[in-house]
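The values are calculated or read from the model by the stated rules, or taken from the named source; none is laboratory data. Please read all numbers here as calculations on a predicted model, not as lab measurements. Here the Cβ positions follow ideal geometry from the backbone for every residue, glycine too, while neighbour counts run over all protein chains shown.
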Amino acid sequence: MCGIIGYTGTRSVLPILLEGLSTLEYRGYDSAGVAVHQNGLQTVKSKGRLALLEEKLQARAHLEAATCGIGHTRWATHGEPSDQNSHPHGTDRLALVHNGIIENYLEIAAFLVEQGYTFSSQTDTESAAKLLDYHYAKSGDPQEAIFKTLAMLRGSYALGICFADYPERIYAVRKDNPLIVAKTPTGALIASDVPAVLAHTNTYWRPEEGVLAVLEKDAVRFFKSSGEEVSQKQECVDWNVAQAQKGGFPHFMLKEIHEEPTAISQTASAYMKDGLPHFNLELLDTDRLKEFRAIHIVACGTAMHAGLIGKSVIEQLCRVPVSVEIASEFRYRDPILHEQDLVILLSQSGETADTLAALRHAKANGVHTLAIVNVIGSTVAREADSVLYTLAGPEIAVASTKAYSVQCTLLYLLALRLGLVNGKLSAQTVREICEKLRVQVPAAVEEVLKSCDKVRAAAEKVVDAEHMFYIGRGVDCALCTEASLKLKEISYIHSEAYAAGELKHGTISLVVDGTPVVALSTVSSVAEKMLSGIREVASRGAKILCVTTKQISEQYDLPADIHLVLPEIDELLAPFPAICVMQLLAYYVSALKGLDVDKPRNLAKSVTVE
Ligand code: G6P
């Protein structure tokens with residue numbers, strides 16, 4: 001999704017804006033632009049990659065002296081990717097960058113046309129920029145003009161604004177969209193995401209909704225619409241720049257897969273005390289946990305798939321019913337919620353618009369909400385009744401990998417805690433599984449990573465496929481949904497995940513000679529049934545790639561063209577090394593095809609619009 005950066009201070013602004021935008025590239029974009037103060041506001045925009053914007057800027061060498069400006073990477077929603085639709089938008093008086101969607105932009109545009117304004121883009125943002133110009137022309141007061149504009153906007157926004165009359169100042173405000181403000185020794189910054197400021201500082205403010213930040217080189221101040229100055233809480237991340245860089249790996253995705261052992265062990269250790277799961281959540285003490293009648297896990301994309309693993313493990317260990325819901329459906333379908341239910345919101349970014357709306361819906365229905373989120377202080381984390389942070393560090397590649405693994409880790413811990421408090425599991429059993437989660441799982445994932453070459457060799461055998469299938473039973477079926485998504489997202493190979501027993505009820509008609517079928521078998525109780533499913537597709541000419549536990553590989557004679565055996569691990573925990581294999585497979589297929597692994601077409605890392 002779009003990215004915002006802005007700087008005012010003593011340093012040359014363009015390198016800071018370009019570096020910030022490049023750090024935000026991972027969010028997904030199709031055009032970029034900047035506006036800087038240099039004898040009035042100078043705006044330069046370009047469709048396509050940042051390199052094209054940089055080329056245009058090279059021809060404007062005099063802008064190097066500028067020390068205040070804003071920049072934007074745009075992920076098209078209203079209007080195609082083009083120079084004209086790129087941000088900043090504005091007039092001679094002001095420049096504005098925007099993330100989010102202004103829902104009533106046509107209404108506003110119609111009003112402005114009556115006032116004599118004309119429009120040169122198809123964007124919703126231009127309406128906001130020109131509405132601001134309208135109010136500013138009347139009052140000459142930036143603050144008043146901004147609040148008058150906000151009062152007329154419907155939708156979501158993070159805005160960064162420069163006024164030509166105030167060459168050293170940036171204004172920023174947000175609603176339902178992430179935005180941070182930071183002070184550095186040489187000035188002040190705004191950004192849509194933490195990695196964009198990490199090169200300068202790791203402390204920042206996330207202004208409350210509707211609170212206007214006013215940045216000058218020596219000070220950052222915050223104002224309410226009443227004009228009252230307010231203070232905002234400063235936050236701090238312990239991420240550093242190196243974590244947000246590739247560190248010698250060809251792609252962020254491969255680096256992040258390699259970070260899984262550490263991320264899992266850190267997350268597991270952080271929520272254990274005396275060898276047992278321990279969350280220290282005021283509102284979710286033992287008594288409260290015992291009360292829950294049902295759990296709803298609500299999320300989008302990969303996080304939703306982690307929820308499917310959570311469902312499998314919670315139901316297996318605690319016998320508490322769990323439903324997993326796509327957030328965009330949950331929010332509108334009026335789900336049946338009971339006050340003794342728990343709603344878990346899973347999100348890497350904590351800013352996904354649909355997940356946030358689902359959280360608000362659950363809260364409005366009086367249900368306890370628990371956020372499992374990776375980004376500290378993100379909106380979902382702030383609004384949920386309780387929050388548990390996954391400790392994955394920054395995830396930059398659009399295709400989520402380590403965030404999924406740590407979401408699963410926390411869901412396992414939650415299952416163990418629930419099983420303990422509702423008497424389904426003994427302390428001894430829970431302690432043993434916890435120890436394995438903390439030690440055996442990272443070690444097993446590490447072992448998979450040591451045998452990357454085998455996965456790469458398997459990828460070579462399927463790289464030319466047009467269609468692929470993933471089949472599994474039980475928890476493997478849930479894992480296959482994520483494995484298939486990973487492949488689709490970054491390799492553009494169409495694939496489907498199917499319950500192995502369901503294939504013959506439809507999709508097997510698509511399996512022809514040479515169609516790759518990835519068969520995942522880690523659940524011993526259904527391994528024999530899986531074997532039948534594998535034989536069914538093998539006899540139709542499928543190219544079989546089996547991924548199995550050691551035990552299953554020894555027990556059954558699998559008709560596999562390629563066979564990857566997982567490191568030895570307690571069967572309950574096999575999903576961790578298994579997903580690592582699947583992520584690597586998708587990664588290598590994409591890399592072998594020479595695709596842009598970290599920034600797949602049309603996708604965005606953080607989807608902050610509906
Ligand atoms: C986007 C990303 C996915 C991610 C999903 C949910 O679609 O491309 O990788 O899984 O959003 O994001 P969240 O930040 O809520 O986990």
Exercise for review: Could you list all residues from the range 426-448 that are out of contact with any strand residue (DSSP E or B) (no Cβ under 7 Å at 6 or more places or on another chain) and either within 16 Å of the ligand (Cβ to nearest atom) or not aliphatic (A, V, I, L, M) (or both)?
Suggested key: S426, Q428, T429, E432, E435, K436, Q440, P442, E446, E447
Review point. Hey, among A299, A268, A294, which residue is more than 14 Å from the ligand (Cβ to nearest atom), of a type in the set (G, A, S) and closer than 30 Å to A443 by Cβ?
Key: A268
Revision key, fill the gap. A483 fails exactly one of (1) farther than 20 Å from I544 by Cβ; (2) in contact with a Gly (Cβ under 9 Å, 6 or more places away or on another chain); (3) crowded, with 24+ Cβ neighbours inside 10 Å, namely (1)
Check your understanding: Residues V518, V526: which one is assigned to a strand (DSSP E or B) and either surrounded by fewer than 24 Cβ atoms within 10 Å (Cβ to Cβ) or within 33 Å of the chain's Cα centre (by Cα) (or both)?
Key -> V518
Review point. Give me the pairs: first residue in the range 583-610 and closer than 16 Å to T302 by Cα and polar (S, T, N, Q), second residue more than 11 Å from the ligand (Cβ to nearest atom) and at pLDDT below 85, beta-carbon distance under 6 Å, and six or more apart or on different chains, which are they?
Key: T608/N177
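When only residues in the range 58-112 that are assigned to a strand (DSSP E or B) and of a type in the set (V, I, T) count, which is nearest to S46 (Cα to Cα)?
T73
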Exercise for review: Taking G423 as meeting all but one of (1) part of a loop (DSSP other than H, G, I, E, B); (2) away from the ligand (no atom under 13 Å from the Cβ); (3) in contact with a helix residue (DSSP H, G or I) (Cβ under 7 Å, 6 or more places away or on another chain), write down the number of the exception.
Suggested key: (3)
Practice item. Answer with yes or no whether E432 is acidic (D, E) and within 26 Å of T390 (Cβ to Cβ). Key: yes
Practice item. Specify which of the listed residues (Y157, Y171) is part of a strand (DSSP E or B), of a type outside the set (G, A, S) and at pLDDT below 95. Key: Y157
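This table checks each residue for (1) closer than 21 Å to S539 by Cα; (2) away from the ligand (no atom under 16 Å from the Cβ); (3) assigned to a helix (DSSP H, G or I).
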site: K461; (1), (2), (3): yes, yes, yes
site: A478; (1), (2), (3): no, no, yes
site: L487; (1), (2), (3): no, no, yes
site: Y498; (1), (2), (3): yes, yes, no
site: I508; (1), (2), (3): yes, yes, yes
Review point. How about the range 368-413: which of its residues are in contact with a His (Cβ under 8 Å, 6 or more places away or on another chain) and either of a type in the set (A, V, I, L, M) or near the ligand (Cβ under 9 Å from one of its atoms) (or both)?
Key: A397, Y404
**Study point:** Top-ranked residue in the range 327-350 [being at pLDDT 90 or above, in a loop (DSSP other than H, G, I, E, B) and within 14 Å of the ligand (Cβ to nearest atom); ranked as surrounded by the fewest Cβ atoms within 10 Å (Cβ to Cβ)]
**Key:** S349
Check your understanding: List the pairs whose first member sits in the range 189-208 and is more than 13 Å from I5 (Cα to Cα), whose second member is among the charged types (D, E, K, R) and in a strand (DSSP E or B), and whose Cβ atoms are under 8 Å apart, counting only residues at least 6 apart or on separate chains?
Key -> T201/K183; T203/K183; T203/E235; Y204/E235; W205/E235; R206/E235; P207/R174
Review point. For F163, all conditions in the list (1) in contact with a Pro (Cβ under 6 Å, 6 or more places away or on another chain); (2) within 23 Å of D30 (Cβ to Cβ) hold save one; what is the number of the exception?
Key: (2)
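Yes/no per residue for (1) within 14 Å of the ligand (Cβ to nearest atom); (2) farther than 24 Å from M468 by Cβ; (3) in a helix (DSSP H, G or I); (4) modelled with pLDDT of 95 or more:
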position: M582; (1), (2), (3), (4): no, no, yes, yes
position: A591; (1), (2), (3), (4): no, no, yes, yes
position: G594; (1), (2), (3), (4): no, no, no, yes
position: P600; (1), (2), (3), (4): yes, no, no, no
position: T608; (1), (2), (3), (4): yes, yes, no, no
Exercise for review: Please go through the range 351-363 and pick out each residue that is buried (at least 24 other Cβ atoms within 10 Å of the Cβ) and either more than 16 Å from the ligand (Cβ to nearest atom) or within 16 Å of F292 (Cα to Cα) (or both).
Suggested key: A362
Study note, to complete from the structure: The number of residues in the range 50-60 that are without any contact (Cβ under 8 Å) to a residue 40 or more places away in the chain and either buried (at least 17 other Cβ atoms within 10 Å of the Cβ) or within 23 Å of C162 (Cα to Cα) (or both) is 7
Exercise for review: Scan the range 323-344 and report the pairs whose first residue is under 18 Å from L414 (Cα atoms) and in contact (Cβ under 8 Å) with a residue 24 or more places away in the chain and whose second residue is buried (at least 21 other Cβ atoms within 10 Å of the Cβ) and among the small types (G, A, S), with Cβ atoms within less than 6 Å and a gap of 6+ or a chain change.
Suggested key: V324/G307; V343/A362
Practice item. Identify the residue in the range 364-399 that is surrounded by 24 or more Cβ atoms within 10 Å (Cβ to Cβ) and assigned to a helix (DSSP H, G or I) and, among all such residues, is modelled with the lowest pLDDT. Key: T379
